[in-house]
Amino acid sequence: MKRLPFSLLALLALLILANYLLETRQQARRLETGILRPMTKAPTTAPQRLLVQLGPQTWTYVLRAGIWRYPGYFDAFAQAEGVDYVLESLLRAPGTVYGAGSADLTRLGLSPEQALKLKVEGEGGLPLAEVWIGQGIPGPGAPECYARPAGSDTIFHLHANPRLALGRTAPPLLDNRVLPAALGRKPVAQVEFSRPNYPLRSLRRIPTAPAPPPLPGRPPQLPEYQWRAEWGGQDLVCGTANAFAYVDFLDQLRWTALVDPHTPLALQGQLRLRDEADSVDVLEVGPQDERGQILLRHHGTGLVCTLDPGQAALLFPSRAALLDTLPAASPYRRPAPAGEGTF
């Protein structure tokens, strides 16, 4: 009979120990779940390729001479900031563990049909990261999302959302500026025009006063400029707002599509742009294509694109556009396209 109390005490001790171990394990899991950490291992080499897949479509971007390009569309320039954001999200952005195994992948946007699949490769195709991106948190367009490394059953709450960098069109991540941002151009300081029967020969920025010396407590001051136009043999002073509106239009000008760079181009006019660092871009304006779009070649990059005819007409400003007060609804300002987009 004396053995019974000892057996009960031993059983009680075992129960207490098991409960302690269970609570310790649960606490460790809660602690692990709440720790911020990257989803993937630190890369051993610099990324050289980025693959983006949504459903049956895959787009591949390559880093060439320090510039991200998209070979699948006439070697278009990619948006460096967008690519960098995607890479930072996959390789360095922190996340917390949301769950594992039996989570509802469809509800989280992580089923094979829904997920945005991203893969990063280094030199020679070395795999650096492969991640599936799901629903935004708390919803579409949010700055955070659900994600999981490919081949893993661990689901993360990622404190970034690569979908936000992809834009509204397919292919994503394209820089459709006629002067791609990757060229690193400074503000335009001079434009030379060449077009039959067009009287404007040049538009140039002339400094009229240097920047004043810095003073404590005052923001840095810029030098003063005057814009002058050589129009029909006359040297005219342009409206400062007019000139800045025009050069800003050149900087922001977007193409509507790219075409085969070997497309013959019957030259209709030419613009030679010189920025304040003396970098030069030559834009060759061609005729309309079969769809009524204007062909344009960027001589330095070799890309041939199409422009909306209304935008192309603004490349060669009228006298009034340079000298008269611009209307409140400036022709150089076009609203961005609306719509929910693909991603």
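Only the coordinates and a few stated rules stand behind these numbers; no lab work does. Worth saying up front: this structure is predicted, and the values here are computed from it rather than measured. With ideal geometry, Cβ positions are generated from the backbone for all residues, glycine too; neighbour counts draw on all protein chains shown.
Peptide packing: for 243-253, 116-126, the average count of neighbouring Cβ atoms within 10 Å per residue gives the ranking 243-253, 116-126, highest mean first. Across the options 326, 170, 226, the greatest Cα extent toward the positive end of the charge dipole of the chain (unit charges at beta carbon of Lys, Arg, Asp, Glu) belongs to 170.
A simple charge model with +1 on the Cβ of Lys and Arg, -1 on the Cβ of Asp and Glu and nothing else charged puts the dipole of segment 37-165 at about 80 debye relative to its Cα centre. Hey, if you put +1 on the Cβ of every Lys and Arg and -1 on every Asp and Glu Cβ in the chain, which of 46, 82, 304 ends up farthest toward the positive end of that dipole? It is 46, whose Cα lies furthest towards the positive end.
For the chain, the dipole from Cβ point charges (+1 on Lys and Arg, -1 on Asp and Glu) about the Cα centre works out to 1000 debye, to the nearest 20. Ranked by the mean number of other Cβ atoms within 10 Å per residue, highest first, peptides 324-331, 291-298, 129-136 order as 129-136, 291-298, 324-331.
Estimated from helices alone, the mean residue ellipticity of the chain at 222 nm is -6000 deg cm²/dmol (sum of -39500 (n - 2.57) over DSSP H runs with n ≥ 4, per residue). Prolate is the label for segment 37-165, because the ratio a/c of its alpha-carbon gyration tensor axes (a ≥ b ≥ c) is 1.5 or higher and a/b is greater than b/c. About its Cα centre, the dipole of segment 184-343 is roughly 300 debye, where the only charges are +1 on Lys and Arg Cβ and -1 on Asp and Glu Cβ. Set against the labelled values (i) 30.8; (ii) 18.6; (iii) 28.9, mean projected area of the Cα convex hull in nm² computed from this structure falls on (iii).
Ranked by the mean number of other Cβ atoms within 10 Å per residue, highest first, peptides 231-241, 206-216, 190-200, 139-149 order as 139-149, 190-200, 231-241, 206-216.
Just add up the charged neighbours of residue 318: K/R +1, D/E -1, any other residue whose Cβ is under 14 Å from the Cβ of residue 318.
On the way: positive: 195, 319; negative: 324.
Spelling it out: positives minus negatives among the neighbours equals +1.
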